[in-house]
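What follows is calculated from the coordinates using simple rules that are stated; it is not laboratory data. What you see is a predicted model; the values in this text were computed from it and never measured. Positions of Cβ are backbone-derived with ideal geometry, glycine not excepted, and every protein chain shown enters the neighbour counts.
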Amino acid sequence: MRSASAPDLAAQGPHESAPEVLLEKALRRERAAVVSALLLIVLASWAYLWSGAGTMEDMGGMLMPMSSGPWTPGHALVMLAMWMVMMAAMMLPSAAPMILLFTTIARRRRAAGGPSGSPWVFSAGYLATWAVFSVGAVALQFALERAALLSPMMETTSVALAGALFVGAGLYQWTPLKQSCLRRCRSPLEFVLTHWREGSRGAFAMGVRHGLYCVGCCAVLMLLLFAGGIMNLLWIAGLALFVLAEKLAPWGSWIGRAAGAGLVAWGIATLVAAV
């Protein structure tokens with residue numbers, strides 16, 4: 001028995017009425033607008049990262065990472081902006097199917113007179129969750145720098161720490177929590193049927209909840225940026241492509257498990273080499 005708050009996803013039948021045809025046209029336009037906006041945000045985010053994300057400064061004619069300087073409030077804000085933009089660049093592509101499904105259902109419910117929220121509000125809730133993660137990432141970056149475990153290029157100087165990060169991330173790929181979060185990220189329809197909420201506040205709450213599942217799925221992987229380099233664009237792109245495959249590919253869950261085994265092997269080899 002479906003929940004009273006769940007969206008009506010029943011089939012419309014073979015013959016569409018004129019209002020239904022108009023609704024479908026409006027829905028196509030809205031979906032196209034959402035896709036265009038998401039693409040623009042992702043491209044702008046990658047362009048910002050490519051430019052150095054505000055983390056480079058002129059030191060006597062040479063561009064050096066700002067992480068080599070003192071941690072002022074302004075510097076902390078720059079680092080936070082870098083992490084937030086990075087998360088948008090890496091995570092929005094894999095969240096696009098969920099956002100588009102929300103767009104479709106919300107449009108239909110608004111047409112039926114329901115108080116459904118906007119996909120932009122849903123997306124804001126999703127990104128807000130990753131913004132909170134970014135605050136934690138900046139705090140960890142600060143702690144690692146204070147402990148002299150992070151280089152000016154924003155990668156760990158400790159082989160042991162790098163090995164531990166690889167092993168930890170690899171093992172996490174096999175945990176029930178990881179698999180539970182991944183399953184929800186891979187099933188937008190199940191998420192909608194289970195967690196639908198009405199109105200703008202409901203849309204934001206849904207975005208936050210979906211973001212929490214995403215953080216539960218991918219946060220440990222994001223910590224690998226400290227091993228490969230926080231501003232290493234190849235490393236960032238590689239992790240983003242892996243997240244995309246894990247969430248959208250037909251055998252994504254097994255891709256994740258196989259990568260986990262590989263990460264554990266990589267981490268053990270790194271730790272052995274450090275001995």
Exercise. If you bin the C-alpha pair distances of the chain every 10 Å from 0, what whole percents do you get?
Worked result: 6, 26, 31, 21, 11, 4, 1, 0
For this session: Report, to the nearest 10°, how far helix 176-185 tilts away from the longest principal axis of the Cα atoms in the chain, using its own Cα long axis and a range of 0 to 90°.
Result: 50
Problem set entry | Order of Ile255, Ile230 under a 10 Å beta carbon neighbour criterion, fewest first | Ile255, Ile230
Exercise. Along the charge dipole of the chain, which of Ala81, Cys217, Ala44 sits closest to the positive end, that is, farthest toward it, with unit charges on the beta carbon of Lys, Arg, Asp and Glu (+1, +1, -1, -1)?
Worked result: Cys217
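Report the net charge of residues surrounding Cys185, where surrounding means a beta-carbon distance below 14 angstrom and charges are Lys +1, Arg +1, Asp -1, Glu -1. All intermediate terms of the calculation are to be shown ahead of the outcome.
Details: positive: Lys178, Arg183, Arg184, Arg186, Arg209, Lys247; negative: Glu190, Glu246.
Every neighbour counted, the sum reads +4.
Going highest first, how would you order 160-166, 100-106 by mean Cβ packing within 10 Å?
Numbers: 160-166: 19.3, 100-106: 21.4.
Top of the packing list down: 100-106, 160-166.
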For this session: Considering Cα pairs under 8 angstrom that are at least six residues apart, work out the relative contact order of the chain and quote it in whole percent.
Result: 25
Exercise. So what's the gap between the Cα centers of the stretch 80-133 and the stretch 142-177, to the nearest angstrom?
Worked result: 30
